[in-house]
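Accompanying notes for the structure given below.
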Amino acid sequence: MKRPGPLLTLLAGLLVGVFMLSLNATTGTKNTSSSSADTTKESPAVTASPTPTGTTPSSSPSPTTAPAPVPDARYAGRTDDDSSAVALTLRDGRAIAYFCDGRAKESWLRGDVNDDGTMRLTGKDGSVLNGTLEDGKQIRGTVDIDGGHHAFTAARTKKPSGLYRATSTVRGAEVDGGWIVLPDGRQVGVLTRDGKPSPAPRLDPRTGAVTVDGQRLTAGPAAP
Amino acid sequence: MTVDPNAVTQDFPSPPPGHRRPHPARYLVPALVACAVAVALGAYGKVHDPSGTAFNLAGFSSTGAVKSWLATAAIFFALVQLVSAFMLYGKLPGPAWSSALHRWSGRAAFLVSVPVAVHCLYAMGYQTYETRVFWHSLLGCFFFGAFSAKMLLLRSERLPGWLLPIVGGLVLTALTIIWLTSALWFFRTFGVTT
């Protein structure tokens, strides 16, 4: 006599798993949520919801049809070669972007966002980011930096994920830190001390607190 | 409660080992299924491009909170499992329905853990960038493999008496470490929020 109970249990778990997975895949708009504080008049249906869910694809703004300016939002993601991270913050038709490999290479880029969602941002070091906002959900584009060419995809995200910056003077050294907090909580950051880049210490994304060489700094969300 | 060890309908315990050697398939099939499940989950988590997000439940501030509470529910049921297993083996006094309690608390623990695992694998994937995350990923895959093995072993009647407690203990240990490296970490980092 074989007992069916354990098999049924496994089967039920499998069914639940497959069901949830297909639910995820079909509602799989990556980030329709936009409950971060620095958004937006553009997506009232979404911001009104207190729960940052991915289940409301119908209420996502569709800038492809609307001539309205692009919504204020945060975007974060990685380069296609997985070597670096890119994050962007859009506000009032302007954008600030940060490209960072977490070790030595970094660049801050700024520029305007066109109404059709395209943007060309430039950095002081000559780096250039060309990007396009796709359906208000993600920004795809390329970054040219130090002779390298990196394609990237940055998905729309919400706090505490996003872009952070801290500038200060620690023990006589000019410290400039940039952090990208990815949607899954991972961080990529570079800290420059008097022009010398190094991997950044971990930041508490909720408070912005970070300890640099024994001194506590507060990083703030970077905005254009 | 006394347990007749030879009763066919009884989940626990098995007859004493050695009086008839079970076919090796009794162990091999569950072991192979366990490996296949664990490796498949890990491979999916590694290959699948993490989406970063998945849907959330209403009433919770973040998916992290949902998962932490579901995982805490799973741990609660797992503790019921431990106690009811002791009852089944006669190490603790227990009511007549302790076997039903064991079965259903196990099912509950397993079923609430599934959505959590789906979210982990879909949104985050198999990650190794930190010790905590590495052990969580590894044991998360191990847990579902070991649980599958445990379920399949339950279907065999003649097993060494120590086998089910060992496998059950492994499942419980894995779940506990998974909880410690995720939900407890979440509550300590972000506070006990909903």
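On average over all directions, what projected area in square nanometres does the range B:99-194 have, based on the convex hull of its Cα atoms?
Details: hull surface 29.5 nm².
Approximately 7.4 nm², given one-decimal rounding.
With a 1.4 Å probe on protein heavy atoms only, work out how much accessible surface A and B bury together, total over both chains, in Å² to the nearest 100.
It comes to approximately 3000 Å² buried between A and B.
Checking a compactness column here: for the range B:121-166, what do you get for Rg(Cα) / (2.2 N^0.38 Å), N being the number of residues?
The value comes to 1.56.
At A:Arg171 and A:Lys159, where each label point lies 7 Å from the Cα along Cα→Cβ, what is the point-to-point distance in nanometres?
Spacing of the two 7 Å Cα→Cβ label points: 3.3 nm.
Among the aspartates and glutamates, select those whose C-alpha is under 19 Å from the C-alpha of B:Lys46, and discard any that sit fewer than 8 residues away in the same chain.
B:Lys46 reaches A:Asp80, A:Asp81, A:Asp82, A:Asp184, B:Glu130.
How high is the relative contact order of the range A:64-155? Use alpha-carbon pairs under 8 Å, at least six apart in sequence, and give a whole percent.
About 25 percent, as a whole number.
So, R0 is 22 Å and r is the distance between the beta-carbons of A:Asp125 and B:Tyr129; what FRET efficiency does that work out to, to 0.05?
Efficiency, rounded to the nearest 0.05: 0.20.
HN-Hα J couplings of the range A:114-123 from phi, Karplus 6.51/-1.76/1.60, θ = phi - 60°, integer Hz, Gly and Pro as x?
Running phi through 6.51 cos²θ - 1.76 cosθ + 1.60 with θ = phi - 60° gives 6, 5, 7, x, 8, 8, 10, 10, 10, x Hz.
Solvent-accessible area of A:Glu174, probe 1.4 Å, all protein chains present, reported in Å² to the nearest ten, please.
Solvent-accessible area, nearest 10 Å²: 110 Å².
Just to be sure I understand the curve: with the Debye formula and one point per C-alpha of the range A:76-224, what is log10 I(q)/I(0) at q = 0.10, 0.12 Å⁻¹?
The Cα Debye sum returns log10 ratios of -0.31, -0.44.
Which value in Å does the Kirkwood hydrodynamic radius of the range A:74-132 take, with 1/r averaged over all unlike C-alpha pairs and then inverted?
Across the range A:74-132, the inverse of the average 1/r is 11.6 Å.
Give or take rounding to whole Å, what are the principal axis extents of the alpha carbon atoms in the range B:21-175, in descending order?
Between the extreme Cα coordinates on each principal axis of the range B:21-175 lie 47, 36, 24 Å.
Taking all pairs of distinct Cα atoms, average 1/r, flip it, and tell me the Kirkwood hydrodynamic radius of the range A:162-221 in Å to one decimal place.
After inverting the pairwise mean of 1/r, the radius is 11.3 Å.
Compute the accessible area per residue over the range A:123-216, keeping the other protein chains in place, probe 1.4 Å, unit Å². Working shown, then result.
On the way: 4150 Å² over 94 residues.
For the range A:123-216, the per-residue accessible area is 44 Å².
For B:Val29 and B:Thr189, compute 0.36 nm times the residue count separating them, minus their Cα-Cα distance, and round to one decimal in nm.
Here the answer is 53.5 nm.
Return the sequence-ordered ³J(HN,Hα) values of the range A:92-98 in whole Hz as given by the Karplus equation 6.51 cos²θ - 1.76 cosθ + 1.60 applied to θ = phi - 60°, using x for Gly and Pro.
Listing the rounded values in order: 6, x, 10, 9, 10, 10, 10 Hz.
Could you give each residue of the range A:189-204 its phi-based ³J(HN,Hα) in whole Hz, using Karplus coefficients 6.51, -1.76, 1.60 with θ = phi - 60°, and x for Gly or Pro?
3J(HN,Hα) across the range A:189-204, in whole Hz: x, 10, 10, 10, 10, 6, x, 9, x, 7, x, 7, x, 5, 10, 7.
The values are calculated or read from the model by the stated rules, or taken from the named source; none is laboratory data. No experiment lies behind these values; they were computed from the predicted model shown. A quick note on method: Cβ atoms are made from the backbone with ideal geometry, for glycine too, and the neighbour counts reach across all protein chains shown. Side chains are part of the model used for accessible areas, which takes the heavy atoms of the whole protein and leaves out ligands, DNA and RNA. Shrake-Rupley method; radii C 1.70, N 1.55, O 1.52, S 1.80 Å.
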